[in-house]
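S.K.: The structure's right below; bear with me while I get my questions together.
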Amino acid sequence: MKLATFHDGTRDGALAVVSRDLTKAVRAEAAVAGLGTMQQLLDHWQSTRLQVERIYAELNEAADGHRPAPFAMVDFDEARCAAPLPRAYQWADGSAYVNHVELVRRARGAEMPASFWTDPLMYQGGSDTFLGARDAIVLADEAWGIDLEGEVAVVTDDVPMGASAEEAGERICLLMLVNDVSLRNLIPAELGKGFGFFHGKPSTAFSPVAVTPDELGPAWADGKVHLPLLASINGVLLGRPNAGRDMTFSFPQLIAHAAKTRRLGAGSIIGSGTVSNKGDGGPGKPIAQGGAGYTCLAELRTVETLLEGKPRTPFLAFGDRVRIEMLDEAGRSIFGAIDQEVVKYNR
């Protein structure tokens with residue numbers, strides 16, 4: 001099934017069930033009394049999911065014109081959506097694509113420990129002010145090195161501490177797309193302090209729609225999404241790397257890593273890190289050279305530095321627009337699109 005959260009003037013928004021073709025929606029509370037928010041659904045996932053799946057089936061039949069709508073449908077508008085979880089109890093972002101980690105570390109002159117290939121890298125991000133897919137990226141200074149990062153994320157049910165990867169995989173409820181906005185010029189000094197990201201990782205944006213894994217069909221296999229992730233800047237394709245390729249750690253492995261010393265509460269979000277594909281015998285090539293391209297500018301700039309001695313592509317500027325989307329094999333949008341403008345902050 002496909003789910004969204006509509007802006008309604010409250011912090012947590014209103015849970016909506018969305019048709020498979022992203023044309024129609026119904027507020028969940030109109031069909032299931034007391035089911036007002038995404039977090040409420042996740043808190044009672046095992047007992048409530050079947051009710052929501054029935055709503056989803058009826059909505060799809062009504063959207064296709066095969067039956068009258070048993071409830072009040074509305075046209076689905078991605079601009080109406082907050083993040084599926086406008087705020088969450090846990091947002092932990094991994095770096096499952098070690099190729100990306102290696103390249104970005106190389107750009108700032110840092111060696112990559114061999115353990116990164118066997119032990120996932122993960123940071124705990126701010127989860128109190130997530131951005132909707134159409135919300136602007138509002139920042140004070142272009143000199144901070146504004147970058148997009150296209151990712152995939154999962155939302156979990158309760159996960160017990162010490163869960164195995166197999167157990168963790170059974171706790172995946174939903175998948176989303178991510179723009180993990182990064183401020184590249186602030187990150188080196190922060191990491192140099194030895195205490196991780198903070199200023200370098202402002203509010204994160206998520207796709208309009210979250211989907212259950214079954215919506216992906218055979219593209220969901222081995223705890224990975226085997227489809228290209230499309231990233232564009234100002235209408236020009238930056239990359240289309242396949243999210244299932246070169247993913248060193250699967251989502252079940254990332255969840256198990258996060259749950260090593262703590263249990264994870266329902267509604268925890270675990271990110272894949274920047275989707276990145278290797279090239280033949282070296283870094284991935286840009287789209288213009290026949291490669292899969294990139295889902296962040298830092299990776300492109302690193303490749304330019306390796307090949308040309310210095311980067312020539314600038315980071316994002318005010319007025320730039322970024323778009324992140326994933327299409328099924330028929331070319332239909334699965335999650336809707338993250339489509340954001342970079343805007344100067346004026347308090």
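The values are calculated or read from the model by the stated rules, or taken from the named source; none is laboratory data. All figures in this text were calculated on a predicted structure; none of them were measured in a lab. In this analysis, Cβ positions are derived from the backbone assuming ideal geometry, glycine residues included, and neighbour counts consider all displayed protein chains. SASA here: full protein model, heavy atoms, side chains in, ligands and nucleic acids out. Shrake-Rupley method; radii C 1.70, N 1.55, O 1.52, S 1.80 Å.
S.K.: Any idea of the accessible area per residue across the stretch 265-309, 1.4 Å probe, to the nearest Å²? It would help to have the intermediate numbers written out before the result.
M.R.: Values: 1550 Å² over 45 residues.
About 34 Å² of surface per residue is accessible.
S.K.: With only alpha-carbon atoms in the gyration tensor, what are the semi-axes of the equivalent ellipsoid for the chain, in Å, largest first?
M.R.: Calculated on Cα positions only, the semi-axes equal 33, 22, 19 Å.
S.K.: While we're on this one: Label points 7 Å out from Cα along the Cβ direction at K310 and Y123: separation in nm?
M.R.: With each label point 7 Å from Cα toward Cβ, the separation is 2.7 nm.
S.K.: Using the Cβ atoms and a cut-off under 11 Å, what net charge is assigned to the surroundings of E142, where Lys and Arg are +1 and Asp and Glu are -1?
M.R.: Details: positive: K344; negative: D141, D320.
Taking every other residue near E142 into account, the sum is -1.
S.K.: Follow-up question, since we're still on this one. What is the helix-to-structure angle for 98-107, meaning the angle in degrees between its Cα long axis and the longest Cα principal axis of the chain, kept from 0 to 90 and rounded to the nearest 10?
M.R.: 40 degrees
S.K.: FRET efficiency for A72 and R321, Cβ-Cβ distance as r, R0 = 22 Å, nearest 0.05?
M.R.: Details: r = 33 Å, r/R0 = 1.52.
Using R0 = 22 Å, I get an efficiency of 0.10.
S.K.: Using the alpha-carbon centroid of each, what span in Å lies between the stretch 59-138 and the stretch 177-217?
M.R.: Answer, in whole Å: 8.
S.K.: How long are the semi-axes of the ellipsoid equivalent to the stretch 129-168, from square roots of 5 times the Cα gyration tensor eigenvalues, in whole Å, largest first?
M.R.: On the way: eigenvalues 229, 32, 20 Å².
Semi-axis lengths for the stretch 129-168 are 34, 13, 10 Å.
S.K.: Report the Stokes-Einstein translational diffusion coefficient (µm² s⁻¹, integer) for the stretch 296-347, Rh taken as the Kirkwood radius over Cα pairs, at 10 °C with viscosity 1.306 mPa s. Intermediate results must be reported in sequence, preceding the final value.
M.R.: Working: Rh = 13.6 Å.
Here the translational diffusion coefficient equals 117 µm²/s.
S.K.: Also, I was wondering about something else. Could you provide, to the nearest whole Å², the per residue accessible area of the stretch 1-152 with probe 1.4 Å?
M.R.: Values: 6890 Å² over 152 residues.
On a per-residue basis, 45 Å².
S.K.: Hey, another quick one. Lys and Arg at +1, Asp and Glu at -1: add these up for the other residues within a Cβ distance under 14 Å of A62 and post the number. Let's see the in-between values first.
M.R.: Numbers: positive: R20, K24, R54, R67; negative: D21, E58, E61, D64, D75.
Net of charged neighbours comes to -1.
S.K.: Additional query: Which of the lysines could be linked to K193 by a straight reach, that is with a Cα gap under 16 Å, when you skip same-chain ones fewer than 8 residues away?
M.R.: Result set, ordered by chain and number: K201.
S.K.: Next question, about the same structure. Below 14 angstrom from the Cβ of G162, what's the summed charge of the other residues (Lys, Arg +1; Asp, Glu -1)? The partial results should precede the final answer.
M.R.: Values: positive: R171, K260, R262, R263; negative: D158, E166, E167.
Result for the local shell: +1.
S.K.: Please build a GNM for the chain, connecting alpha carbons under 10 Å apart, and tell me which residue among R184, R11, R27 fluctuates the most.
M.R.: R11
S.K.: Taking N as the number of residues in the stretch 183-235, what is its alpha-carbon radius of gyration divided by 2.2 N^0.38 Å?
M.R.: On the way: Rg = 16.8 Å, N = 53, 2.2 N^0.38 = 9.9 Å.
Compared with the compact-globule rule of thumb, the stretch 183-235 sits at 1.69.
S.K.: So what does R54 come to for accessible area, using a 1.4 Å probe and Å² rounded to 10?
M.R.: 140 Å²
S.K.: Which percent of Cα pairs goes in each bin when the distances of the stretch 134-285 are cut into 5 angstrom slices starting at zero?
M.R.: 2, 8, 15, 18, 19, 18, 12, 6, 1
S.K.: Computed FRET efficiency, Cβ-Cβ of D158 and L50, R0 25 Å: what is it to the nearest 0.05?
M.R.: Details: r = 18 Å, r/R0 = 0.71.
Computed FRET efficiency for D158 and L50: 0.90.
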